[in-house]
Amino acid sequence: MNKVTVRQLFKDATSYMNQRIQVSGWVRTIRDSKSFGFIELNDGSFFNNLQIVIDDSLSNFAEVVKLGVGSAIVVDGLLVESPGAKQPFELKAEQVHIEGECPPEYPLQKKRHSFEFLRTIAHLRPRTNTFSAVFRIRSLAAYAIHKYFQERNFVYVHTPIITGSDCEGAGEMFRVTTLDPKNPPLTDTGEVNFKEDFFGRETNLTVSGQLEVETYCMAFRNVYTFGPTFRAENSNTARHAAEFWMIEPEMAFATLEDDMELAEDMLKYLINYCLEHAPEEMSFFNNFIDKGLFDRLENVVNSEFAHVTYTEAIELLKKANTSFDYPVEWGKDLQTEHERYLTEQIFKKPVFVTDYPKDIKAFYMRMNDDEKTVAAMDCLVPGVGEIIGGSQREERLDRLEKRMAELKLKPEDYWWYLDIRKYGGTKHAGFGLGFERAIMYITGMSNIRDVVSFPRTVKSADF
RNA sequence: UCCUCGAUAGCUCAACGGUAGAGCACCCGGCUGUUAACCGGGUGGUUGUUGGUUCGAAUCCAACUCGGGGAGCCA
């Protein structure tokens, strides 16, 4: 028997029309009458279901009709054109083999469930329309990111997950240790003695691969990391997870302008790739998750991103005919409401805000000639706000050391990072894109917990 | 961490100080082209936890737990 996936059928129905084929998958719903019935079968290969027509000529008709939603079956039958309006073709079953029954207590019903409930059954939710679509997009997007960078000869660098650099400054870290928490070895002064720990020092899960990837940038010119990162921040929002993936490209001999060009181009490529390669899923999101999704994505893909300096943005916000909850003032970071006003009301498209005051940005960002601002950029998009943050890095050793001293960072903790400036340093720039936030933006899903297979958030690490 | 809303049947919700209910799911029956199938009947509850107020609490109060939305921090 010719084994076929539902994807093959939908992509090339004519090759299989009026042929005897075998499909296998899971029952999404059964509608039955006295002597015939219909099964909606999803085989995982494609977003849409295949309609199976069954009748009492089947030896096990009575048994098949009683199958619960979620049952696994293998069907032999004839592919025919469907008289029904909702599907182009259907499979007239000649034999239905029951692989795995699904009892009535199966939590998924054929009606809509709340996302909150589905989070409690994260092991079953990929079987629903929404999560099937989300995780196929997530898979495609991950591939598209590699494809984008590989086609441009960026080298993929696996930066470490366990890191000994405890001062990346990007947030609270998760400790990695094999010491017994009830009885740790102590030093003479009564502190925990990490010299006796597995690595002989304090180690943590990485909060960013940037510092490490910068070192490979000085060897391969254009590089990127794409992997998990961890933040032990007590952030309780729909946009934060303790474990998330980041894309961090880094380019040598590049300026902030090159950096923004890359960010804009990559974002557009990513969106186009998903629209092109998962049209069924994307239409589903546009119809059922976020009615304005296509308009928003097309606006991003077809517009030149706006550019504005932080200082100009402050002026624009001060002139804005709106009262903000937080005051607009040069030197203070832009609040969420300010960012959204800029991108949604003033520019109505993605916008790069550049050249922030040095005091609200990281130590490694390149000092501008005005000595007050640094060559940083945030990319703000309508609907979400900040999606990308990047900068040109400070390549001048003396300036970097001076800045670190101001911030009371110990040079010995960064000896290898400073070496990069010492030995053939060049100007370079990069950015970080939160993968989950990109997926949220592309799908219209509004909670990060619903774009991660098994999300880890504050007080929650089930599965 | 702060503000705010919420937790009632397997799911989605109603009942707002006086007998805990509906739709869906599930079970039984009917139906020869359904598509969130339809029609009839039925099963299903320690009202998140603990304590308090009251003749009486799902309902009012307090604490806790968990969840939603917003904010901070950020990606």
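Some points to look at:
- The single residue among A:318, A:348 that is over 25 Å from residue A:146 (Cβ atoms), open to solvent by 70 Å² or more (accessible area, probe 1.4 Å), basic (Lys, Arg) and assigned to a helix (DSSP H, G or I) turns out to be A:318.
- When residue A:164 is tested against (1) more than 15 Å from RNA strand B (Cβ to nearest atom); (2) open to solvent by 60 Å² or more (accessible area, probe 1.4 Å), exactly one condition is not met: (2).
- Qualifying residue in the stretch A:213-232 (condition: within 16 Å of RNA strand B (Cβ to nearest atom), assigned to a loop (DSSP other than H, G, I, E, B) and open to solvent by 20 Å² or more (accessible area, probe 1.4 Å)): yes
- Any hit, the stretch A:127-135, residues being within 16 Å of RNA strand B (Cβ to nearest atom), among the aromatic types (Phe, Trp, Tyr), buried (at least 17 other Cβ atoms within 10 Å of the Cβ) and closer than 21 Å to residue A:47 by Cα: yes
- Filter result for residue A:408 (in contact with a helix residue (DSSP H, G or I) (Cβ under 7 Å, 6 or more places away or on another chain), in a loop (DSSP other than H, G, I, E, B) and either open to solvent by 20 Å² or more (accessible area, probe 1.4 Å) or over 30 Å from residue A:324 (Cα atoms) (or both)): no
- Residues within the stretch A:251-310 that are in a helix (DSSP H, G or I) and out of contact with any strand residue (DSSP E or B) (no Cβ under 7 Å at 6 or more places or on another chain), tallied: 36
- Count of the stretch A:76-111 residues which are aliphatic (A, V, I, L, M), surrounded by 14 or more Cβ atoms within 10 Å (Cβ to Cβ) and outside any strand (DSSP E or B): 1
- Residue A:133 being under 30 Å from residue A:440 (Cα atoms), in contact with a helix residue (DSSP H, G or I) (Cβ under 7 Å, 6 or more places away or on another chain) and outside any strand (DSSP E or B): yes
- Boolean, residue A:82 is at pLDDT below 95, out of contact with any Cys (no Cβ under 6 Å at 6 or more places or on another chain) and hydroxyl-bearing (Ser, Thr, Tyr): yes
- Filter pass, residue A:59 being modelled with pLDDT under 95 and away from RNA strand B (no atom under 12 Å from the Cβ): yes
- You will find that of A:463, A:454, the residue that is under 26 Å from residue A:120 (Cβ atoms), more than 10 Å from RNA strand B (Cβ to nearest atom) and over 19 Å from the mean Cα position of the chain (by Cα) is A:463 and no other.
- Subset of the stretch A:33-52 [open to solvent by 20 Å² or more (accessible area, probe 1.4 Å) and either over 22 Å from residue A:109 (Cβ atoms) or of a type outside the set (Gly, Ala, Ser) (or both)]: A:34, A:35, A:36, A:38, A:40, A:43, A:45, A:47, A:48, A:49
- Every condition in (1) touching a residue at least 40 places away in the same chain (Cβ under 8 Å); (2) more than 30 Å from residue A:421 (Cβ to Cβ) is met by residue A:262 except one, and the failing one is (2).
- Screening the candidates A:289, A:271 for the property of being open to solvent by 40 Å² or more (accessible area, probe 1.4 Å), within 18 Å of the chain's Cα centre (by Cα), of a type in the set (A, V, I, L, M, F, W, C) and within 26 Å of residue A:131 (Cα to Cα) yields one hit, A:289.
- Filtered by the rule that a residue be of a type in the set (D, E, K, R) and either part of a loop (DSSP other than H, G, I, E, B) or within 13 Å of RNA strand B (Cβ to nearest atom) (or both), the stretch A:18-45 gives A:28, A:31, A:32, A:34, A:40, A:43.
The values are calculated or read from the model by the stated rules, or taken from the named source; none is laboratory data. This structure is a prediction, so every number in the text was calculated from the model and none was measured. Cβ coordinates were reconstructed from backbone atoms using ideal geometry, including for glycine residues, and neighbour counts include every protein chain displayed. The area values use the complete protein model at the heavy-atom level, side chains included, leaving out ligands, DNA and RNA. Shrake-Rupley method; radii C 1.70, N 1.55, O 1.52, S 1.80 Å.
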